[in-house]
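A short write-up of the structure that comes next.
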Amino acid sequence: MNIFNTYLQYINETILILLKDNNIVLENDNLLEKVVVEVPKNKKFGDLSTNAALVLSSTFKAKPFDVAKKLKLKFDTHHDFADVSIANPGFINFTLQEDVWQKLLFNLLETGEWKYEQFGKNNNLNLEFVSANPTGPLHAGHARGAVVGDCLARILKLVGFNITREYYINDAGNQIDVLIKSVQLRYLEQLSGINANIPENLYPGAYLIRIAKKIKNQYDDTLEKLDYENFFLKVNQLVINEILNLIKKDLSNLGVEMDIFTSEKSIIEKGFLDKVLNILKDNKLIYEGILEKPKGKADLDEWEPRPQLLFKSSFFGDDSDRALKKSDGSWTYFANDMAYHLYKIEKTKGNLINILGADHLGYLKRIESAVKALSSNKIKLVNKVCAIVHLMNDDKKIKMSKRSGNFIMLSDLINDLGKDVIRFIMLTRKNEQVLEFDFKKALAQNKDNPVFYVHYAYARCKSIVKNSNIFDHKFSFEEIKMLKDNNELYLIKLISQWPKVVELSAKHMEPHRICYYLIELASEFHSLWNKGKIDESLKFIHVDDTSITKSKLALINSIMLTIKSGLNILSIKPMEDM
RNA sequence: GGGCCAGUAGCUCAGCUGGAUAGAGCAAUUGCCUUCUAAGCAAUAGGUCAGGGGUUCGAAUCCUCUCUGGCUCACCA
């Protein structure tokens with residue numbers, strides 16, 4: 001259904017014929033991959049353009065313009081093209097017959113939904129995202145990774161990947177000790193009724209009070225005399241489950257779905273760490289060695305050379321080899337993470353994607369190295385890094401600091417703004433770019449707020465349908481052929497780009513493109529709407545002529561259908577009226 | 001000091017992965033409501049794509065150096 005691919009295929013076939021005609025052998029097949037069909041930036045160049053002649057000029061040992069002339073002779077015979085022209089230095093521009101667009105619209109409405117090229121071919125893909133430590137509910141900063149991951153998953157699904165969304169629970173590290181110690185204080189606080197002083201190195205969050213109450217309800221004061229180790233054994237799982245429930249609730253309120261939550265502890269219990277060590281041994285990628293002192297500016301007074309168990313990460317391009325064991329003999333986070341990635345490799349039998357925060361930038365190479373080592377270079381790990389989000393209020397930065405406990409929780413954000421605005425705005429920047437999230441704009445009911453703008457376009461469409469008093473939404477081709485005005489045709493052309501937007505979004509793993517497209521579509525629609533004020537013929541409803549109105553309704557329906565598919569990817573429900 | 005990400009209009013950012021005269025939105029100026037939602041639209045103005053060098057038919061995009069900002073740098077997670 002992607003019209004660009006249709007013509008790209010035709011152009012490629014034509015090139016092969018031309019090569020054969022001229023007894024020229026393509027020295028390298030990859031050359032054809034450089035041939036693209038795209039929409040020229042400037043409308044006056046027509047509907048489509050191709051760089052074919054520029055790509056092939058050296059093969060033909062001729063100037064691009066002359067190659068273009070040869071190609072044009074072939075293209076001229078195709079009945080879809082109203083005009084084929086050559087522009088310097090050798091672009092070939094196509095103007096399509098009106099009925100090509102009209103047919104496209106007709107087919108879309110017949111099918112009732114967009115179809116996308118299934119280049120995922122049902123291949124498995126594992127997408128790990130959020131994976132926040134289970135020490136508290138999510139805060140505002142987590143929203144970005146959550147939304148990017150969730151939408152990316154939806155996009156990849158549309159193009160045929162079999163995708164698993166996974167949350168990795170770090171339930172095995174130091175932070176869990178800190179958590180349980182904090183809970184123990186809160187529990188004793190419940191029993192004594194005296195407010196506890198929470199030391200700086202423990203978690204102060206009020207959510208732990210609620211968990212402490214639960215423990216008190218369940219165990220009464222029977223845990224009062226326990227030392228920390230035994231208290232830990234008693235409540236550890238309960239506390240983590242309680243917090244995971246908070247996190248799951250946050251995710252669900254944000255419209256983010258997970259297929260599976262995998263615990264770090266369970267991976268180790270299943271023996272994946274041993275498996276990792278064996279693989280590394282077999283491939284001679286592990287050794288006892290001493291790392292060089294890092295040359296950082298940071299205070300490294302405590303640094304001392306020490307023999308450690310190391311993974312030969314540098315073999316795969318990492319800057320340094322990486323420690324697997326800490327000085328106290330326990331495994332490093334990285335060692336466990338290798339085990340987790342081996343687990344993902346084994347069960348996925350396909351490529352892996354991780355959505356990470358910017359603070360993990362320094363971690364990418366070692367984990368990529370790990371996946372290469374553990375999969376004999378067969379599995380690809382793509383790391384998508386989300387830059388930080390600056391929360392703003394009317395251009396003023398809102399400061400968040402962990403120490404003071406002064407950071408905005410995701411649940412507060414959702415309560416204040418609703419999930420739709422958050423989801424949309426989180427995708428209005430490409431993920432590597434720092435994002436300014438302005439409360440004032442998110443609450444605005446005007447163009448400052450892009451979701452609002454898109455909703456408004458959809459609601460206007462709905463309103464037209466309602467006011468038309470036409471309830472038959474089966475459209476004949478004759479009706480659709482009445483859409484002849486350039487402004488209307490332009491909208492059809494824009495709509496026809498939608499599958500390409502989704503496919504490129506998937507290919508490059510860039511969900512933000514969906515938002516930009518929706519804004520543009522909304523904008524073009526609003527524009528056409530207003531043209532109706534100047535030019536009567538462009539109004540959508542023609543009271544005295546049902547068939548003209550129906551032709552316009554066909555266009556309106558296709559716009560709604562497209563906005564709906566876009567919002568659906570973002571998991572936003574279109575507003576029927578406003 | 002090393003690594004990674006970024007630097008595009010006064011501000012916030014796109015730029016279909018190398019294509020044609022670099023595009024939007026804010027902000028500024030000026031217009032458009034007796035008529036399908038003015039919560040909107042149109043027009044004007046705004047640029048050494050941080051800077052130098054290179055690669056080629058062609059560079060904001062690729063390579064290289066320099067500058068600036070952010071994140072990060074054994075034994076945390």
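The values are calculated or read from the model by the stated rules, or taken from the named source; none is laboratory data. As the structure is a prediction and not an experimental result, all values here were calculated from the model. We place every Cβ from the backbone using ideal geometry, glycine too, and count neighbours over all the protein chains shown.
Within segment A:318-331, the set of residues being charged (D, E, K, R) and either touching a Lys or Arg at 6+ places or on another chain (Cβ under 9 Å) or in contact (Cβ under 8 Å) with a residue 60 or more places away in the chain (or both) comprises A:ASP318, A:ASP319, A:ASP321, A:ARG322. Can you tell me how many residues within segment A:6-34 are at pLDDT 90 or above and either among the hydroxyl-bearing types (Ser, Thr, Tyr) or within 38 Å of the chain's Cα centre (by Cα) (or both)? The total comes to 11. Checking segment A:157-177 against the condition returns a match, with at least one residue being surrounded by fewer than 18 Cβ atoms within 10 Å (Cβ to Cβ) and of a type in the set (Asp, Glu). Filtered by the rule that a residue be surrounded by 17 or more Cβ atoms within 10 Å (Cβ to Cβ) and of a type in the set (Lys, Arg), segment A:300-345 gives A:LYS312, A:ARG322, A:LYS344. Note on segment A:482-508: residues that are over 19 Å from A:GLY532 (Cα atoms) and more than 15 Å from RNA strand B (Cβ to nearest atom) amount to 0. If you go through segment A:439-452 and keep only what is surrounded by 20 or more Cβ atoms within 10 Å (Cβ to Cβ) and near RNA strand B (Cβ under 10 Å from one of its atoms), you end up with A:LYS441, A:ASN449, A:PRO450, A:PHE452.
Which residue, of A:PHE65, A:PHE75, A:PHE94, A:PHE45, is modelled with pLDDT under 90, aromatic (Phe, Trp, Tyr) and surrounded by 15 or more Cβ atoms within 10 Å (Cβ to Cβ)?
Values: A:PHE65 fails: modelled with pLDDT under 90; A:PHE75 fails: modelled with pLDDT under 90; A:PHE94 fails: modelled with pLDDT under 90.
When all the criteria are applied, what remains is A:PHE45.
Looking across segment A:243-295 at every residue that is more than 35 Å from the chain's Cα centre (by Cα) and of a type in the set (Asp, Glu), the one that is farthest from A:LEU342 (Cα to Cα) is identified as A:GLU292.
Please verify whether segment A:142-159 includes one or more residues that are of a type in the set (Val, Ile, Thr), farther than 18 Å from A:THR262 by Cα and in a loop (DSSP other than H, G, I, E, B). Let's see the steps before the verdict.
Kept after step one, since they are of a type in the set (Val, Ile, Thr), are these residues of segment A:142-159: A:147-148, A:155, A:159.
Checking which are farther than 18 Å from A:THR262 by Cα leaves us with A:147-148, A:155, A:159.
From what is left, the residues that are in a loop (DSSP other than H, G, I, E, B) are A:159.
Taking every residue of segment A:142-159 in turn, at least one turns out to be of a type in the set (Val, Ile, Thr), farther than 18 Å from A:THR262 by Cα and in a loop (DSSP other than H, G, I, E, B).
The set of residues in segment A:177-220 that are closer than 23 Å to A:ILE408 by Cβ and either among the acidic types (Asp, Glu) or in a loop (DSSP other than H, G, I, E, B) (or both) comprises A:ILE198, A:GLU200, A:ASN201, A:LEU202, A:TYR203, A:PRO204, A:GLY205, A:ALA206.
May I ask you to verify whether A:ASN431 is buried (at least 20 other Cβ atoms within 10 Å of the Cβ), more than 30 Å from A:LYS539 (Cβ to Cβ), near RNA strand B (Cβ under 9 Å from one of its atoms) and not basic (Lys, Arg)?
Working: buried (at least 20 other Cβ atoms within 10 Å of the Cβ): yes; more than 30 Å from A:LYS539 (Cβ to Cβ): yes; near RNA strand B (Cβ under 9 Å from one of its atoms): yes; not basic (Lys, Arg): yes.
Answer is yes for this residue.
The C-beta contact set for segment A:33-47 (first residue closer than 12 Å to A:PHE91 by Cα, second residue within 6 Å of RNA strand B (Cβ to nearest atom) and part of a loop (DSSP other than H, G, I, E, B), distance under 9 angstrom, 6+ apart or interchain) comprises A:VAL35/A:ASN51; A:VAL36/A:ASN51; A:VAL37/A:ASN51; A:GLU38/A:ASN51; A:GLY46/A:PRO40.
I want to confirm something. Restricting to segment A:356-374 and keeping residues that are free of Cβ contacts under 8 Å to residues at least 40 places away in the same chain and over 22 Å from A:ASN123 (Cα atoms), which single residue is nearest to RNA strand B (Cβ to nearest atom)?
Taking segment A:356-374 first, the residues free of Cβ contacts under 8 Å to residues at least 40 places away in the same chain are A:358-364, A:367, A:371.
Applying the additional criterion that residues be over 22 Å from A:ASN123 (Cα atoms) yields A:358-364, A:367.
Numbers: A:ALA358: 4, A:ASP359: 4, A:HIS360: 6, A:LEU361: 5, A:GLY362: 2, A:TYR363: 5, A:LEU364: 7, A:ILE367: 9 Å.
Residue satisfying both the conditions and the ranking: A:GLY362.
Taking the conditions exactly as written (basic (Lys, Arg), surrounded by fewer than 16 Cβ atoms within 10 Å (Cβ to Cβ), in the same structural domain as A:LEU188 (by TED's automatic domain parsing) and modelled with pLDDT of 95 or more), does A:LYS216 satisfy them or not? Here the answer is no, as A:LYS216 does not meet what is asked. The C-beta contact set for segment A:332-355 (first residue in a helix (DSSP H, G or I), second residue of a type in the set (Asp, Glu) and more than 16 Å from RNA strand B (Cβ to nearest atom), distance under 6 angstrom, 6+ apart or interchain) is empty. With respect to the stated conditions, A:LYS70 is outside any loop (DSSP other than H, G, I, E, B) and of a type in the set (Lys, Arg).
Scan segment A:183-207 for residues that are within 36 Å of the chain's Cα centre (by Cα) and touching a residue at least 60 places away in the same chain (Cβ under 8 Å) and report the count.
Narrowing segment A:183-207 to residues within 36 Å of the chain's Cα centre (by Cα): A:183, A:201-207.
Then keep just the ones that are touching a residue at least 60 places away in the same chain (Cβ under 8 Å); that gives A:203-205, A:207.
So the count comes out to 4.
Filtered by the rule that a residue be out of contact with any helix residue (DSSP H, G or I) (no Cβ under 9 Å at 6 or more places or on another chain) and in a loop (DSSP other than H, G, I, E, B), segment A:29-67 gives A:PRO40, A:LYS41, A:ASN42, A:GLY46, A:LYS61. Total residues in segment A:55-73 satisfying the condition of being touching a Pro at 6+ places or on another chain (Cβ under 6 Å) and under 16 Å from A:GLU27 (Cα atoms): the figure is 1.
The set of residues in segment A:517-535 that are in contact (Cβ under 8 Å) with a residue 60 or more places away in the chain and near RNA strand B (Cβ under 6 Å from one of its atoms) comprises A:SER523, A:HIS526, A:TRP529. Selection of segment A:280-320 for residues being near RNA strand B (Cβ under 9 Å from one of its atoms), touching a helix residue (DSSP H, G or I) at 6+ places or on another chain (Cβ under 7 Å) and at pLDDT 90 or above yields an empty set.
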